[in-house]
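For reference, the structure is listed below as C-alpha cells.
The values are calculated or read from the model by the stated rules, or taken from the named source; none is laboratory data. Quantities reported herein were computed from a predicted structural model and do not represent experimental measurements. Neighbour counts are summed over all protein chains in view; Cβ atoms, including those assigned to glycine, are modelled from backbone coordinates with ideal geometry. These area figures cover heavy atoms from the full protein model, side chains too; ligands, DNA and RNA do not enter into them. Shrake-Rupley method; radii C 1.70, N 1.55, O 1.52, S 1.80 Å.
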Amino acid sequence: MRKILVTGAAGQIGSELTMALRERYGNENVIAAGHKTEPDNGLLESGPFHFIDCREIGTVAEMVKKYKVDTIYHLAALLSAVAEEKPQLAWNVNMIGLYNVLEVARTYQCSVFTPSSIGAFGPTTPLDKTPQDTIQRPNTMYGVTKVAGELLCDYYFKRFGVDTRGVRYPGIVSYKTPPGGGTTDYAVEIYYHAIEHKKYTCYLKKGTYLDMMYMPDAIKAAIDVMEASPAKLNHRNAFNVTAMSVAPENIAAEIQRIIPEFTMDFTIDPLRQAIAESWPNSMDDSAAREEWEWQPEYDLVSMTHDMIEKLSQKLRIRIS
Ligand SMILES: NC(=O)c1ccc[n+]([C@@H]2O[C@H](COP(=O)([O-])OP(=O)(O)OC[C@H]3O[C@@H](n4cnc5c(N)ncnc54)[C@H](O)[C@@H]3O)[C@@H](O)[C@H]2O)c1
C-alpha cells in the first residue's frame with residue numbers, strides 16, 4: 001500500500017486527485033498539503049491535511065518523515081497566466097519547489113509524479129500532432145519552468161535512480177474547484193457563464209485550437225502512469241496526453257445543443273492569446289498509449305453533457 005503526499009492539494013487538480021487517491025489507497029494513507037488556498041471540508045475531513053511551502057525544503061521533508069511517505073504527487077505550481085504576472089515568484093515555486101521535492105525524494109526513496117504541460121512547448125514547436133520528442137523553446141516563464149522541470153526529473157531518475165514520472169497535461173476542464181490562472185481557464189468559465197448568464201465573453205480568438213481534457217481523465221492519467229510497470233516506460237517524465245483538440249467556438253456549439261439560447265462574443269486578452277498561439281493545436285500522445293495504455297474516456301460531447309449536468313446541480317440552476 002502506498003503512503004502518498006499530495007502538494008498543491010487544494011488546487012484545481014489536487015482537490016479531486018487527493019480524493020481519488022484516498023478512495024483507492026485509503027484515507028489515512030494520503031496526506032494533503034495545501035499552501036494558501038483554503039481546502040474544502042471534504043478534503044479537510046477525509047484525511048490528514050497540512051499547510052506547507054514547497055520553497056522551504058524542511059516543510060516537505062517534515063511531511064515525508066512524519067508519515068513515512070513513499071510517493072509524492074507534486075502539484076504545487078504557479079500556472080501560465082499568473083506566472084507571466086509574477087515571473088520571479090513562478091521561478092521560485094515551480095523550480096525551487098520541484099528541486100526540493102526531488103531532493104527529499106532522493107533522501108527518503110520516494111517516487112514522484114510531476115505534471116508538465118502543453119506550456120512546455122513554444123512557437124517553434126510543430127503545432128499539429130506535436131510529437132512526444134520535439135523542439136521545446138517556450139517563451140513564457142511557465143514554459144521555461146516546465147521544460148526545466150521535465151529535464152530535472154529525467155536527471156534525478158538517471159543520476160540518482162529516483163522513480164520520477166509525469167505527463168504533459170493539456171487544459172483541464174472541471175466543475176469542483178475553479179482553475180488557478182492558466183491560459184485554458186476559458187474552457188471552464190464558459191460552462192459557468194452558460195448556466196448562470198446564458199452568455200460568455202471569450203478572451204481567446206475564434207479558431208484558437210488547444211488540447212483539453214476532462215478531470216476524470218486527468219486523474220486517471222496521474223494514477224495510471226504511476227501504476228505502470230517501470231520496464232515498459234521509455235519516456236517516464238512528460239508524456240504527451242490529450243483527449244480533444246478544440247477551439248472556443250467548438251465548445252460554444254456543443255453547449256448550444258443543450259442550452260440553445262447561449263451566445264458567445266469575444267474580447268481578446270493579448271497576454272493569454274499570445275501564450276495560446278505559442279502552444280500546440282493538438283498533441284500526438286501515442287507514446288503514452290503504447291507505453292502505459294493511456295486512453296481517455298471523455299470527448300467534447302460527453303464532457304459537455306457531464307459538465308452541464310454536474311455544474312447546474314452545484315449552482316442549483318435548472319436547465320430545461
Ligand atoms: N489545470 C490545468 O489546466 C493544468 C494544465 C497543465 C498542467 N497543469 C499542472 O498541474 C499542476 C496542478 O495544477 P492546478 O491546475 O491544480 O493548479 P492550481 O493553481 O489550481 O493549484 C496549485 C496549488 O499550488 C499551491 N501553491 C502555490 N504556491 C505554493 C507553495 N509555495 N508551496 C506549496 N503549494 C503552493 C496553491 O495554493 C494552489 O492550490 C501544476 O503543476 C500545473 O502546472 C495544470
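A few points about this structure:
- Number of positions in segment 200-213 that are away from the ligand (no atom under 16 Å from the Cβ) and under 15 Å from ALA247 (Cβ atoms): 5
- Any hit, segment 256-265, residues being touching a Leu at 6+ places or on another chain (Cβ under 9 Å) and not acidic (Asp, Glu): no
- Selection status of ILE172, part of a loop (DSSP other than H, G, I, E, B), out of contact with any Asp or Glu (no Cβ under 8 Å at 6 or more places or on another chain) and hydrophobic (A, V, I, L, M, F, W, C): no
- Scanning segment 68-111 for residues that are away from the ligand (no atom under 13 Å from the Cβ), assigned to a helix (DSSP H, G or I), touching an Asp or Glu at 6+ places or on another chain (Cβ under 9 Å) and not small (Gly, Ala, Ser) returns a single hit, TYR108.
- Among residues of segment 26-59, those that are open to solvent by 20 Å² or more (accessible area, probe 1.4 Å), in contact with a Lys or Arg (Cβ under 6 Å, 6 or more places away or on another chain) and either in a helix (DSSP H, G or I) or among the β-branched types (Val, Ile, Thr) (or both), counted: 1
- Of all residues in segment 200-210 being in contact with an Asp or Glu (Cβ under 9 Å, 6 or more places away or on another chain) and open to solvent by less than 50 Å² (accessible area, probe 1.4 Å), the one that is nearest to GLU277 (Cα to Cα): THR208
- Test: ASP70 is in contact (Cβ under 8 Å) with a residue 60 or more places away in the chain and closer than 21 Å to CYS153 by Cβ: yes
- Exclusive hit being over 19 Å from PHE239 (Cβ atoms) and modelled with pLDDT of 95 or more, set GLN109, GLN136: GLN109
- Segment 142-172 - residue that is more than 8 Å from the ligand (Cβ to nearest atom) and aliphatic (A, V, I, L, M) and, of those, surrounded by the fewest Cβ atoms within 10 Å (Cβ to Cβ): LEU151
- Within segment 112-136, the residues that satisfy the criterion of being more than 21 Å from ASP185 (Cα to Cα), assigned to a loop (DSSP other than H, G, I, E, B) and not acidic (Asp, Glu) are THR124, THR125, PRO126, LYS129, PRO131, GLN132, THR134, ILE135, GLN136.
- Qualifying residue in segment 192-199 (condition: assigned to a strand (DSSP E or B), more than 14 Å from the ligand (Cβ to nearest atom) and in contact (Cβ under 8 Å) with a residue 40 or more places away in the chain): yes
- Note on segment 173-198: residues that are open to solvent by less than 10 Å² (accessible area, probe 1.4 Å) and of a type outside the set (Ser, Thr, Tyr) total 7.
- The lone criterion from (1) closer than 30 Å to TYR67 by Cα; (2) crowded, with 24+ Cβ neighbours inside 10 Å left unmet by PRO138 is number (1).
- Among residues of segment 155-173 that are under 28 Å from THR304 (Cβ atoms), those with a Cβ under 6 angstrom from a residue that is of a type in the set (Asp, Glu) and within 16 Å of the ligand (Cβ to nearest atom), sequence gap 6+ or separate chain, pair up as PRO170/ASP211.
- Scanning segment 8-32 for residues that are more than 7 Å from the ligand (Cβ to nearest atom) and among the aliphatic types (A, V, I, L, M) turns up ALA9, LEU17, MET19, ALA20, LEU21, VAL30, ILE31, ALA32.
- Residue in segment 40-61 that is under 17 Å from PRO115 (Cβ atoms), within 20 Å of the chain's Cα centre (by Cα), among the hydrophobic types (A, V, I, L, M, F, W, C) and more than 9 Å from the ligand (Cβ to nearest atom) present: no
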